[in-house]
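Here's the structure we're looking at; comments come further down.
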Amino acid sequence: MKRFVVDPGKAIGDVLSSSGAYSTWPVSAYGGQGLPPCDEVVIVATGVDETTRQNVLLPLIETGAQKAKRLVLLSSLDVYPTRGLPLDERYVDPCAPRTALGWLESAVAERSRRGVVLRLPDVFGPSITDGAAGALLDREASGLNRVAIHQWYPVRRLRRDIARALRLDVRVVNLATEPLPMADVLMQFFPGQMGQVRSPAPYSRIRTRYAAAFGGAGDYIMTASDVLAEMRACVLAHRREKAAAAPSRRVEGGGEGASASLA
């Protein structure tokens, strides 16, 4: 089976390609020129600016729809005009201004008979080092907004959830997880730190109609407690690796061979 992933931001694409299931197809301004016939193409549109979405990814969808048996667009819950309302896949507002992300979703629906759009919440994992998700991997919580409420998605699930979505045979899926207050995250990983307060704070509570197909229940594919457990495993593993890689120094007055970690 020949499968490709195209990711201008690289982080999510690297996760998929590292599994061995996908090959990386280089991002090009030529709309996927040279892309061979294949079974599947995954196009990552999260974390990408509007110009790249319009000028690079939109032509790539045209090519992918012709060359691939299945076309997957990794979109974002940001396609909704607000993430603060409990909207799901049925929501359509014909009067809302169309963003570049919305145009990409429409292009997949119009051009690919087996195209699926997966809308991601805020993604976290060891490969995600920017924004709030990157701040989770640090020991300093000053960049985290304690009054925010996010929906978080562990990137390690992605390969499995793509396969589930293709079997489900629907056109759009919100991979929506239960909202998780940042106050709980601070308490778990940054005891004694308060973070900061920025207003208006992000508040996300988008839902999905397909939770059961992805191992969830009700309106969400994961509970907040399950997300927090995934986050804990990711954060602690990162901190252990960082501590193991940190140089050690001899402790003055500690006797021969005594040393202390700088982690």
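The values are calculated or read from the model by the stated rules, or taken from the named source; none is laboratory data. Just so it is clear, the model here is predicted, and its values are computed rather than measured. Neighbour counts are summed over all protein chains in view; Cβ atoms, including those assigned to glycine, are modelled from backbone coordinates with ideal geometry. Remember, those area values only see protein heavy atoms, side chains included, never the ligands or the DNA or RNA. Shrake-Rupley method; radii C 1.70, N 1.55, O 1.52, S 1.80 Å.
Report the label-to-label distance for SER106 and GLN196 in nanometres (one decimal), using points 7 Å from each Cα along the Cα→Cβ vector.
Each label point is offset 7 Å from its Cα along the Cβ direction, giving 3.7 nm.
Quick one: if the Förster radius is 45 Å, what FRET efficiency do ALA217 and ALA246 give, using the C-beta to C-beta distance and rounding to 0.05? Before the final figure, lay out each step's value.
Details: r = 42 Å, r/R0 = 0.92.
E between ALA217 and ALA246, to the nearest 0.05, is 0.60.
Rg and Dmax of region 1-66, using alpha carbons, in Å: what are they?
11.1, 32
Within the accessible area of the chain, what % is carbon and sulfur when the probe is 1.4 Å and the other protein chains stay in place?
Details: 6780 of 13300 Å².
Answer for the chain is 51 percent, counting heavy atoms of protein chains only.
Translational diffusion coefficient of the chain at 20 °C, 1.002 mPa s, Stokes-Einstein with Kirkwood Rh over Cα pairs, in µm²/s as a whole number. Mind dumping the intermediate values first?
Details: Rh = 19.8 Å.
For these conditions, the coefficient is 108 µm²/s.
Residues with beta-carbon under 13 Å from that of GLN196, excluding GLN196: net charge, scoring Lys, Arg +1 and Asp, Glu -1?
Numbers: positive: ARG146, ARG198; negative: GLU140.
Residues close to GLN196 contribute a combined charge of +1.
LYS242: which lysines have alpha carbons under 26 Å from its alpha carbon, excluding same-chain residues fewer than 8 sequence positions away?
Here the lysines satisfying the reach criterion relative to LYS242 are LYS10.
What FRET efficiency do you get for GLU140 and ALA21 if R0 is 30 Å and r is their Cβ-Cβ distance, rounded to the nearest 0.05? List each step's numbers first, then the result.
Numbers: r = 35 Å, r/R0 = 1.18.
Calculated transfer efficiency: 0.25.
Can you list the lysines whose alpha carbon is less than 19 Å from that of LYS67, not counting same-chain residues fewer than 8 positions off?
Straight-distance partners of LYS67: LYS2.
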